[in-house]
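K.L.:
My structure is below; once you've seen it, I'll send some questions.
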Amino acid sequence: VTPGPTNASLAQQFVRCITGMGSDGVRLLAATLALPRQPGAEEVEVEVKSAAMVAHLARVSKEHYAFLDAAGVLSPICRLLSCSSTQVQAKACSALGILFRHSHLFYTPFSLVVGATEDLINCLSDPDPDTCKFAAFAVGNLGFHSDQFYTTIARAIGPLLLILEGSSLKARANA
């Protein structure tokens with residue numbers, strides 16, 4: 001049996017395909033992520049898959065960060081933090097956590113998205129355990145590479161302490 005392509009090679013192929021289209025490809029990805037959507041199962045699925053795609057590209061290689069930055073993915077991902085679907089919120093928090101994981105590249109653009117930090121901190125108190133877990137991951141990584149957000153994320157201390165008292169082992173580890 002011949003093994004199929006790895007996740008890394010598929011991600012590389014995707015990035016090459018989109019960037020091979022030049023600025024049109026990057027605009028296409030950005031436009032897909034930024035489309036306004038009406039609430040509904042299909043739209044939630046598109047948002048979940050869009051956030052998962054960003055997270056996957058960032059997770060596979062930090063070398064994709066420049067591509068994701070050029071595609072303008074940060075603002076649309078931040079918009080998903082206030083979505084009514086907890087599944088979408090959890091995926092958005094996960095994507096942000098991964099984008100913040102290896103570099104401070106997205107810190108300043110994140111600070112410019114009105115309400116994003118507050119929305120992320122609010123996700124720490126969400127009743128959905130996955131949303132809390134991934135919000136703790138994102139907040140932790142937001143404070144890892146520089147002190148730029150220390151004052152702002154100080155408001156997250158109370159919700160993080162509550163997560164530490166919770167039953168989710170992974171959420172506690174992230175907090």
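The values are calculated or read from the model by the stated rules, or taken from the named source; none is laboratory data. Remember, it's a predicted structure, so these values are computed and weren't measured experimentally. Counting neighbours? That spans all protein chains shown, and the Cβs are built from the backbone with ideal geometry, glycine included. Surface accessibility is based on the protein's heavy atoms, side chains included, excluding ligands, DNA and RNA. Shrake-Rupley method; radii C 1.70, N 1.55, O 1.52, S 1.80 Å.
K.L.:
Taking segment 140-171 as the region of interest, how many residues are free of Cβ contacts under 8 Å to residues at least 24 places away in the same chain and open to solvent by less than 80 Å² (accessible area, probe 1.4 Å)?
P.N.:
Here the count works out to 3.
K.L.:
Quick one: in segment 76-102, of everything that is of a type outside the set (A, V, I, L, M, F, W, C) and more than 21 Å from E45 (Cβ to Cβ), which residue is farthest from the chain's Cα centre (by Cα)?
P.N.:
Result: H102.
K.L.:
Looking only at helices (runs of 4 or more DSSP H) that lie completely in segment 106-175, which have at least 1 residues being modelled with pLDDT of 90 or more?
P.N.:
So the answer is 107-112, 116-123, 129-142, 150-153, 157-164.
K.L.:
Restricting to segment 60-76, what's the tally of residues that are of a type in the set (F, W, Y), modelled with pLDDT under 85 and under 10 Å from L99 (Cβ atoms)?
P.N.:
Looking only at that region, the number is 0.
K.L.:
Inspect all residues belonging to segment 128-137 and state whether any of them is in contact with a Pro (Cβ under 6 Å, 6 or more places away or on another chain), open to solvent by 40 Å² or more (accessible area, probe 1.4 Å) and without any contact (Cβ under 8 Å) to a residue 60 or more places away in the chain.
P.N.:
Among the residues of segment 128-137, not one is in contact with a Pro (Cβ under 6 Å, 6 or more places away or on another chain), open to solvent by 40 Å² or more (accessible area, probe 1.4 Å) and without any contact (Cβ under 8 Å) to a residue 60 or more places away in the chain, which makes the answer no.
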